[in-house]
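The structure appears right after this line, and notes come after that.
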Amino acid sequence: MSVPTLDPSADDAILDVDGVSVWLSGREVLHDVRFRIMPGEFTGLIGSNGAGKTTLFRVILGLQASSTGSVLVGGRPLTRRNPIIGYVPQKVFLDPDMPLRARDVVALGLDGHRLGVPLGWGRRRQAVDAMLDAVDARRFADARVGNLSGGEQQRVLIAHALISRPRLLLLDEPLANLDIRAEGEVVALLARIAREQRIAVLISAHDVNPLLPVMDRLVYVAAGKTASGTTAEVIRAEVLSALYGQHVDVLRVHGRILVVAGAEGPSGVTVEETDGAAVGPDIVSLR
Amino acid sequence: MVNTWIAATLVAVIAGVVGFFVVLRGAAFVAHAIPHGAFGGAAGAVLIGVNPIAGLGVFAVGGALGIGWLGRRGRHDVATALALVLMLGLGALFLSFSVEYAAAIYSLLFGEVLGVPSDELLPIAGLGIACIAALAVLYRPLMLTSIAPEVAEARGVGAQRIETGFLLVVALAATMTVPVVGVLLMFSLMIGPAATAGSLTRSPRNAIALSVLLALATVWIAVAVSYLTNLPVGFFVGTLGAVSYGCARIWTARRRGRTAPA
Ligand SMILES: Nc1ncnc2c1ncn2[C@@H]1O[C@H](COP(=O)(O)OP(=O)(O)OP(=O)(O)O)[C@@H](O)[C@H]1O
Ligand SMILES: [Mg+2]
């Protein structure tokens with residue numbers, strides 16, 4: 001029921017988030033979040049600023065304890081260091097003054113957590129070159145990474161996360177500083193990687209549109225609550241109105257989706273429980 | 001004179017390597033604060049009649065641990081400033097009690113590179129090797145936490161522990177080099193060559209090597225010229241550091257300008 005398209009059993013899921021709530025400084029930032037991701041699936045995590053996307057990533061990475069609920073990664077409970085997850089954080093500090101090439105950043109993805117100086121240069125170099133080719137970043141392999149454009153840096157960071165061969169790739173707002181063309185290129189690259197290498201991708205964004213062509217499923221976060229399912233199932237006025245706790249309209253214009261908050265509804269909107277059987281997506285816990 | 005050359009060479013190698021990581025991590029203020037604050041410890045040691053180097057070491061390590069602990073969340077600069085003023089304040093207090101020894105302490109500020117006794121060379125070399133070995137062990141996590149601390153955390157690297165380890169290396173380097181070259185010189189030797197190297201080359205390995213070479217050239221020239229002119233070594237090291245960095249920036253800016261499409 002929760003994953004209508006694939007009818008999976010829980011054991012096959014690469015990521016199973018089950019009833020996760022997170023309290024930060026006395027405020028419930030995430031409430032009863034539940035969704036599942038299958039191997040090779042491309043999932044968008046959509047929500048506006050402050051919705052809790054980064055917090056959810058931190059929970060999945062084991063960096064933030066959840067107050068309730070559980071997370072299984074590859075069928076196992078969370079551990080601090082999970083080699084099957086690759087991560088591209090929202091903020092990466094790449095100072096142009098740093099003597100660091102794109103290839104050095106990618107190599108750190110291979111073994112940056114290990115102590116000691118790296119050995120086996122030839123093998124490392126081959127692995128790094130292959131990875132740079134895979135994300136189409138070989139051209140600027142030897143450029144100073146701080147001088148690269150936003151889109152180029154994003155490719156380098158994706159290579160950095162992929163070189164350790166994860167089965168689940170988490171990307172926190174990788175499209176944030178990109179223009180429309182770079183956005184399209186990065187999304188196409190990620191979709192290709194997900195398909196060819198069967199890596200599940202969970203990508204957060206505040207706008208659903210760049211991901212529409214490639215997304216298998218999405219998880220929509222608003223007001224601490226989430227709804228998950230396919231685009232058609234989740235991006236609907238009833239579902240999103242229930243999430244936001246106020247009336248919103250969903251407009252489809254030239255293949256783009258606009259979610260518009262209507263005029264301020266009456267205070268204390270009553271949200272009716274949507275009929276799960278008829279609607280499909282699991283709207284999670286309406287309070 | 002031979003001792004001077006050996007000491008200066010050891011100090012330059014250590015400053016060049018440690019300085020690379022200081023510049024990479026944007027920790028110039030910490031590298032400024034630890035040796036300067038440690039100076040207060042030396043004053044205290046003189047007051048109670050123990051070897052000033054012991055006082056230097058205690059303050060340097062204490063300062064490093066304090067900065068690491070206070071700066072756990074986010075930026076270090078406030079923690080660093082607090083540690084610095086606290087240690088300097090204590091230093092001023094100690095100095096006010098021990099007027100007759102002020103000269104010995106004064107030499108710590110500017111170093112006595114032209115009068116290094118032979119029995120100090122071995123400890124300097126030992127501590128230097130320890131510093132460089134520690135940096136070699138921490139090399140990859142230091143690089144990773146410099147660019148993406150969250151990724152490092154997610155991969156099981158305790159960013160906080162790595163940071164504290166790094167601060168301790170800076171403290172160790174300061175303890176051993178300050179008595180030779182002085183507080184002022186140590187700082188300029190850590191920052192100038194490493195910053196210059198970082199702007200001239202792109203690969204971290206080359207930058208470390210170049211940083212060491214530039215630090216060596218700087219001290220050798222400074223010691224030689226100071227010997228000939230009888231002017232303080234610190235003056236030449238500081239000036240060479242600033243001038244070489246300035247030249248490197250101008251050179252890279254020119255080169256970039258030339259390769260850009262007209
Ligand atoms: N350590 C914390 N203590 C208290 N509140 C926090 C903490 N970290 C985050 N928050 C709050 O939790 C909410 C969710 O933050 P989060 O960073 O997960 O949002 P986000 O969806 O990633 O936003 P953005 O799109 O701006 O990156 C925000 O309201 C934020 O203020
Ligand atoms: Mg965020």
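Observations on the structure shown:
- Taking the DSSP bridge list for the protein assembly as shown and keeping only pairs wholly inside it, about 60 percent are antiparallel.
- Residue of A:Ser149, A:Ser204, A:Ser66 that the Gaussian network model of chain A assigns the largest fluctuation, springs spanning Cα pairs under 10 Å: A:Ser149
- Relative contact order (percent, whole number), segment B:2-259, Cα cutoff 8 Å, 6+ residue spacing: 31 percent
- Cα-based radius of gyration of the protein assembly as shown once divided by 2.2 N^0.38 Å, which approximates compact folds: 1.17
- What the Kirkwood sum gives for chain B is a hydrodynamic radius of 18.8 Å, with every pair of different alpha carbons counted.
- Two-decimal log10 I(q)/I(0) for segment A:170-242, as the Debye equation yields it once each C-alpha is a single scatterer, q = 0.19 Å⁻¹: -0.83
- Cβ-derived FRET efficiency at R0 56 Å, A:Ala261 paired with B:Phe97, nearest 0.05: 0.20
- Relative intensity of chain A on a log10 scale, I(q)/I(0) at q = 0.09, 0.12, 0.15 Å⁻¹, equals -0.45, -0.78, -1.16, per a Debye sum over C-alpha point scatterers of equal strength in the absence of solvent.
- Computed over segment B:1-74, the Cα gyration tensor eigenvalues convert (square root of 5λ each) into semi-axes of 23, 21, 7 Å, ordered from largest to smallest.
- Across chain A, Cα pairs under 8 Å and at least six residues apart give a relative contact order of 24 percent.
- 10 Å Cβ neighbours from other chains, averaged over peptide B:136-149: 6
- Separation between Cα centres of segment B:41-76 and segment B:173-198, rounded to whole Å: 17 Å
- Segment B:171-219: Cα Rg divided by the 2.2 N^0.38 Å rule of thumb: 1.17
- Helix-only [θ]222 nm of chain B, DSSP H runs n ≥ 4, -39500 (n - 2.57) each, per residue, nearest 500: -29500 deg cm²/dmol
- Computed from the C-beta positions of B:Ile221 and B:Ala54, the FRET efficiency with R₀ = 45 Å rounds to 0.90.
- In segment B:153-198, the inverse of the mean reciprocal separation of distinct Cα atoms equals 12.2 Å; this is its Kirkwood hydrodynamic radius.
- Where a label projected 7 Å from the Cα of A:Arg125 along Cα→Cβ would reach, residues of segment A:91-110 with amide N under 14 Å: A:103-104
- Helical contribution to [θ] at 222 nm, DSSP H n ≥ 4, -39,500 (n - 2.57), averaged over chain A, rounded to 500: -8000 deg cm²/dmol
- Percentage relative contact order, segment B:173-262, counting C-alpha pairs under 8 Å, at least six apart: 33 percent
- Cα-centre dipole for the protein assembly as shown with unit charges at Cβ (Lys and Arg positive, Asp and Glu negative), debye to 20: 1380 debye
- The share of Cα pairs per 5 Å bin across segment A:1-136, counted from zero up to the longest distance, runs 2, 8, 15, 16, 17, 15, 12, 10, 5, 1, 0 percent.
- Separation of segment A:121-152 from segment A:42-103 is 22 Å, based on Cα centroids.
Every number in this text was worked out from the coordinates using simple rules, so none of it is lab data. Since the structure is predicted, the reported quantities are computational estimates derived from the model, not experimental observations. With ideal geometry, Cβ positions are generated from the backbone for all residues, glycine too; neighbour counts draw on all protein chains shown.
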